[in-house]
Each structure stands twice: as structure tokens, then as C-alpha cells.
């Protein structure tokens with residue numbers, strides 16, 4: 001029978017060899033899929049909607065590192081399941097490559113990014129097992145934010161934000177006494193006209209707000225129900241934040257200087273201030289959800 005120090009040494013050597021092999025797997029994967037990875041990060045650099053993509057693997061890596069003791073506590077090979085998922089990833093990747101001409105660049109990169117994540121997931125399961133994946137399901141699922149939203153999802157979301165922002169802006173304008181003539185997304189004032197265009201939908205900050213709510217739910221909430229509520233609240237909050245921004249800039253343009261609408265810092269780069277406003281609106285919701293969870297736990301303990 002093997003003594004405890006020898007068994008510990010064997011486990012330690014096995015862990016080191018597994019980590020080295022998985023590191024080599026990641027290096028080979030980056031070399032093989034260098035071109036699509038380059039295109040994905042280029043999209044992140046040049047399209048504001050997806051500027052978050054480069055940060056996602058860093059944040060996910062942080063989650064893995066901070067929870068590493070739990071994640072790798074039951075590591076063991078799962079050759080069959082890992083291979084199956086790697087094959088699914090490769091198949092989806094080949095489909096995207098061969099059928100790329102029928103997709104827009106956005107949808108093509110959606111397929112390729114999902115394929116790469118599935119392939120990486122297969123490699124992880126291959127070396128560390130399905131139980132380790134279950135232990136790291138949040139960091140893995142968080143990686144899905146690297147996948148650009150395909151048009152059939154992105155377009156309706158933008159339209160919802162655009163319509164909601166226009167409607168709420170119109171109501172706020174009427175409350176303030178500056179009642180414009182409205183024609184769809186166009187608002188006509190005596191001195192100027194504005195349009196709540198797609199660029200005014202706030203899709204970039206809305207995605208950032210949604211990701212922030214997912215992270216906050218992971219850290220501060222326990223139940224899936226509470227986490228789902230926090231994420232769903234993002235949509236009305238995003239509409240409110242966009243409407244406040246539209247009304248604020250328009251009112252400044254009418255009563256102070258028209259350049260606020262055309263060439264001001266608040267119009268071009270001021271989204272961060274309204275994003276902070278949205279966080280202040282979300283904070284009480286998070287507090288109420290935490291309080292409701294604690295109350296529910298107290299009731300369970302009494303019963």
C-alpha cells in the first residue's frame with residue numbers, strides 16, 4: 001500500500017503534467033486559430049458595440065484563479081466527453097469557414113467565436129474532467145460574452161432600446177414643458193430637430209450594464225431567480241438612462257448652445273456619466289434582492 005507522502009507526490013506530479021499539457025493545448029489552439037482570434041479582437045478594437053470582448057477572457061481568468069481550489073479539487077481526465085465537444089467545436093468552425101460567404105462579418109464571427117469556445121471547453125474537460133467544468137461553470141459561461149451577438153438577436157435588442165428611449169424621452173420632454181412635434185424617432189423643436197437613431201440606442205453601455213449585473217449577481221446573490229431578476233432589470237434601466245441622456249443633451253442644446261448636440265464631450269464621450277447613473281439606479285435593486293434572500297433564509301431556518 002502506497003504511503004501518504006508518496007501518494008501526495010504522485011498527485012502533485014500528475015497535476016503538474018496535466019497543467020503543462022493543458023498549457024500546450026492552449027498554445028497550439030492559439031497558433032491554429034490565430035486568424036479568427038485576430039479578427040475577433042480586431043472587431044473589439046474597431047466596433048464600439050463589442051469593445052468589451054478583449055476584457056472578457058481576463059475577467060473570466062480572474063474568476064478561475066480566485067476559485068481554483070474548488071474548480072480543480074476533483075480534476076480527472078474525461079477523454080470521451082472532451083473529445084466530443086472538441087469535435088463539435090471543429091465542426092461548427094468548419095461550417096463557419098465554408099459557409100462564411102452567406103453571413104455578414106458579425107454573424108460569421110459569432111459562429112467562429114462560439115466554435116472556439118466549445119473547442120476550448122472540450123480541451124478543458126479532456127484534461128480536467130466534467131466535474132471540474134461543473135465547478136467552473138460560471139467562468140466558462142462568462143466566456144460566452146466573447147461571442148458577438150448575431151443579427152437576429154442584436155437587431156431586435158437595438159430596436160427595443162431605440163423605441164423605448166424615444167417613447168420615454170417624449171414623455172420626459174412633455175413633463176418638462178418642452179413638448180416637441182414627434183414623427184416616429186424624429187423630434188421637432190422650434191430651433192432644432194433630433195433623431196433617436198440606432199446610435200442613440202445605447203447598445204454598447206447596455207451590454208456593459210448587463211455584464212456588470214451578471215458579475216454583481218455572481219458575487220452578491222445566491223438564488224438563480226434573484227440573479228435573473230437583476231439581469232432583466234437592466235433593460236428598463238438602460239431605456240431610462242438613454243432617455244435621460246437624450247433629454248439632457250437636447251435641453252442643453254436648446255437653452256445653452258447647439259454644439260452640445262453636435263460637437264460636445266457630453267455627446268461623444270459622456271456615456272460614462274450616464275452609465276454611472278444607471279449603476280446608481282441598479283444599486284437599490286441589488287440591495288432589495290439581497291435583503292429578500294436573507295429574509296427568505298431566515299424564514300427557512302425558523303421553520
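Every read-out reported here was derived from the displayed coordinates using simple, explicitly stated rules and does not represent laboratory data. All figures in this text were calculated on a predicted structure; none of them were measured in a lab.
The angle between the Cα long axis of helix 4-32 and the main principal axis of the chain comes to about 50°, on a 0 to 90 degree scale.
Note: segment 127-238, Cα convex hull, 131 Å³ per residue. Which angle from 0 to 90°, rounded to the nearest 10, does the C-alpha axis of helix 79-98 make with the longest principal axis of the chain? Here the helix axis deviates by roughly 40 degrees.
Taking Cα pairs under 8 Å and at least six residues apart, what relative contact order does segment 153-302 come out at, in percent?
On the way: 132 pairs, mean separation 35.7, N = 150.
Once normalised by length, the contact order is 24 percent.
All alpha carbon pair distances within segment 4-146 were sorted into 5 Å bins beginning at 0; the resulting P(r) in whole percents reads 2, 9, 16, 22, 19, 14, 9, 5, 2, 1, 1, 0. For segment 173-233, the relative contact order comes to 16 percent (Cα pairs under 8 Å, sequence separation of at least 6). Of the options (i) 1.25; (ii) 0.96; (iii) 1.01, only one is Cα Rg over 2.2 N^0.38 Å as computed from these coordinates, and that is (i). Computed from Cα positions, the angle between helix 224-255 and the longest principal axis of the chain comes to roughly 30 degrees. Centroid-to-centroid, using Cα positions, segment 123-161 and segment 44-74 are 11 Å apart.
Only helical runs count toward this figure. For the chain, summing -39,500 (n - 2.57) over DSSP H runs of n ≥ 4 and dividing by all residues gives -25000 deg cm²/dmol at 222 nm.
What shape does segment 153-302 have by the C-alpha gyration tensor, where a ≥ b ≥ c are the square roots of the eigenvalues, rounded means a/c under 1.5, and otherwise prolate means a/b greater than b/c and oblate the rest? Verdict is prolate for segment 153-302.
Across the chain, C-alpha contacts under 8 Å between residues 6 or more apart give a mean separation that, scaled by the residue count, equals a relative contact order of 15 percent. Gain on full extension, evaluated as 0.36 nm per residue between residue 99 and residue 276 minus their Cα-Cα distance, stands at 59.6 nm.
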